[in-house]
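The block underneath contains the structure these notes are about, expressed in structure tokens.
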Amino acid sequence: MTRKSQDFFAHEIKSGQTEPGTRYSITFRSVSRWNVNSTCLVGDSNTGPLHFGTDKRRTFGETMPGQRFWAPKIDSIEPPVCCAYKNVVIMCGTNDVRQPDVNGPHDIEVIYNLYHTKLTEIRKLNPRCKIYVCPVLPTKCYRINQGALHFNSLIFTKLVRGDLGVQYVRGFNDFLDEDGSGLLSKNLSKQFDRHSRPDLLHLNLSGIRKLAGFIKQTVLGRYQDAAGDRNRRHLPTNWVNGRPYSSVAGSSRPTGDPARGGT
């Protein structure tokens, strides 16, 4: 039996259910102590350079095992992949709010309703997991940002305050440009895409490292108060100028990711 099957089936042999002389072969497996941090990361291309593994410099490290799943838009989120994980992190929505036919609050609310439906399905399939959602990142386009701001407001006022037990990944205000424009920071984003066109959406290596730090601090940080300062060194997140910063980033594209112009 797999770990995922344990969420759907009861594995036991009750007294009186077996006939005399029946033999059963039982296999025991060892579960790593870090399984309490097992994480399913579902996201768009800005999550592409994030990796799970044991390399402390290039992955989330052994204390945060998991797997990343590709979801460029909300309708491509597949709730069944979230089964059996202790934590589920969702980073999706940019490619939905940036569509040219998204023209106002009503369109954003339709997108949010689909988002809520997907999270409801995840909660039904994995009732014991912790669900974390990432706000939609700012972009370098004012029109897209208007939709992103309204979508994020629905996350903060409805989703997080709802009955699904959803939390959000903190720190995303640090992705705003320091000039006060409300656009994506030039220091944390790519200047051009692979076609040499202005890139409005994607984080550069520094931005990806910051994103990884925020995700790790959110997922692992809940143990910080209980563990105390003596265990702070076990959280695989560095602190730079008082802010979480991670070296978890790679230059490779996620397996199976198609070439694309969006995020």
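Quick look at the numbers
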| read-out | value |
| --- | --- |
| Proximal charge balance of P198 [Cβ under 13 Å; K/R count +1, D/E count -1] | +3 |
| For C134, net neighbour charge (Lys/Arg +1, Asp/Glu -1) across residues whose Cβ lies under 12 Å away | 0 |
| All lysines inside 18 Å of K118 as judged from Cα atoms, apart from same-chain residues fewer than 8 positions distant | K73, K86, K130, K158 |
| Three principal axis lengths of region 22-93 [C-alpha, angstrom, descending] | 53, 32, 14 |
| Label point distance in nm, N113-S15, each placed 7 Å from Cα along Cα→Cβ | 5.4 nm |
| Formal net charge of residues neighbouring T59 (Cβ-Cβ distance under 12 Å; K, R +1; D, E -1) | +3 |
| Given charges at beta-carbon only (K, R positive; D, E negative), |dipole| of region 114-198 in Debye | 380 debye |
| Prolate/oblate/rounded label for region 69-132 (Cα gyration tensor, a/c 1.5) | prolate |
| For region 42-47, 3J(HN,Hα) per residue [Karplus equation, 6.51 cos²θ - 1.76 cosθ + 1.60, θ = phi - 60°, Hz, x = Gly/Pro] | 10, x, 8, 5, 5, 8 |
| Mean separation of Cα contacts under 8 Å (6+ apart) over length of region 28-129, as relative contact order % | 29 percent |
| Karplus (6.51, -1.76, 1.60) ³J(HN,Hα), θ = phi - 60°, over region 67-78, in Hz, Gly and Pro reported as x | 8, 9, 10, 7, 8, x, 9, 4, 5, 9, 5, 10 |
| Region 19-59: equivalent-ellipsoid semi-axes (sqrt of 5 x gyration tensor eigenvalues, Cα, Å) | 40, 14, 8 |
| q = 0.08, 0.19, 0.21 Å⁻¹: log10 I(q)/I(0) that the Debye formula gives for region 55-205, counting C-alpha atoms only | -0.25, -1.29, -1.43 |
| Computed magnitude of the charge dipole of region 27-88 (debye, nearest 20; Cβ of K, R +1, Cβ of D, E -1) | 300 debye |
| Residue-normalised accessible area of region 53-151, given per residue in Å² at a 1.4 Å probe | 46 Å² |
| Hits among lysines - C-alpha to C-alpha of K186 under 17 Å, sequence gap 8 or more where chains match | K140, K210 |
| Cβ-derived FRET efficiency at R0 45 Å, T54 paired with L149, nearest 0.05 | 0.70 |
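The values are calculated or read from the model by the stated rules, or taken from the named source; none is laboratory data. Predicted, not measured: the structure shown is a model, and the values here were computed from it. Because the Cβ atoms are built from the backbone with ideal geometry, glycine has one as well, and the counts that use them run over all protein chains shown. All accessible areas refer to the heavy atoms of the entire protein, side chains included, with ligands and DNA or RNA removed. Shrake-Rupley method; radii C 1.70, N 1.55, O 1.52, S 1.80 Å.
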